[in-house]
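The values are calculated or read from the model by the stated rules, or taken from the named source; none is laboratory data. As the structure is a prediction and not an experimental result, all values here were calculated from the model. Cβ placement follows ideal geometry from the backbone for every residue including glycine, while neighbour counts extend to all protein chains displayed. Heavy atoms of the whole protein, side chains included, go into the accessibility calculation; ligands, DNA and RNA do not. Shrake-Rupley method; radii C 1.70, N 1.55, O 1.52, S 1.80 Å.
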Amino acid sequence: MTRWTMTGVLLTTALAGPLSMPAHSAPASAPASLYAPSALVMTTGHGEKAATTAPERAVTVNCAYTTSGTHPDPRQACADLDRVNGDLDRLATLRGNAAGQPCTREYRPIVVTVEGVWRGTRINYEHTFANPCIKETQGAAAFAF
């Protein structure tokens, strides 16, 4: 229940935050109607399943007209999402181990969830990595938070 509450609050903030500005403060060159909404809440926590794992970190990413959010690198996260056209299964192995960083074979699972809207389509995604090192070396920059 905590995960849903936190996700709802973060997603509401991400989507409604820009809408709560007075009309005169909106940029004149931002035709919001031309862009489908893309606002996501990403969480991570140690465990095998999101249902039994307490979120340890949560970030937001807004990729509509401009990139924003609490993600450490929202621009790169949005670029990763664009590169795979929102296919989060491909995103989980996008980067590969390009740095050649060796990872131990310990099993300390870490689950990543992504919930929200990508280009007007509702997203509810979960992926479990065997350990944090594998998440960092195989997961895309979008999962580096």
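For the subset of the stretch 122-145 comprising residues that are in contact (Cβ under 8 Å) with a residue 60 or more places away in the chain and open to solvent by 40 Å² or more (accessible area, probe 1.4 Å), which member is nearest to the chain's Cα centre (by Cα)?
Among them, the one singled out is Glu126.
Name the residues in the stretch 104-145 that are closer than 20 Å to Thr70 by Cα, modelled with pLDDT of 90 or more and among the small types (Gly, Ala, Ser), would you?
Correct list: Gly116 only.
Inside the stretch 31-71, can you point out the residues that are assigned to a loop (DSSP other than H, G, I, E, B), in contact with a helix residue (DSSP H, G or I) (Cβ under 9 Å, 6 or more places away or on another chain) and of a type outside the set (Val, Ile, Thr)?
Once the filter is applied, which keeps residues that are assigned to a loop (DSSP other than H, G, I, E, B), in contact with a helix residue (DSSP H, G or I) (Cβ under 9 Å, 6 or more places away or on another chain) and of a type outside the set (Val, Ile, Thr), the stretch 31-71 yields Pro37, Ser38, Ala54, Pro55, Cys63, Ala64, Tyr65, Gly69, His71.
I'd like the full set of residues that are crowded, with 16+ Cβ neighbours inside 10 Å and touching a helix residue (DSSP H, G or I) at 6+ places or on another chain (Cβ under 9 Å), limited to the stretch 77-87.
Ala77, Cys78, Asp80, Leu81, Val84
Identify, please: which residue in the stretch 88-101 is closer than 12 Å to Ala140 by Cα and either of a type in the set (Phe, Trp, Tyr) or open to solvent by 70 Å² or more (accessible area, probe 1.4 Å) (or both) and is, among those, modelled with the lowest pLDDT?
Ranking the candidates gives Asn97 first.
Give the residues of the stretch 102-121 that are surrounded by fewer than 13 Cβ atoms within 10 Å (Cβ to Cβ) and in a strand (DSSP E or B), sorted by residue number.
Matches in the stretch 102-121: Thr121 only.
Considering only the stretch 56-71, I want to know if a residue exists there that is surrounded by fewer than 17 Cβ atoms within 10 Å (Cβ to Cβ) and within 13 Å of Ala141 (Cβ to Cβ).
no
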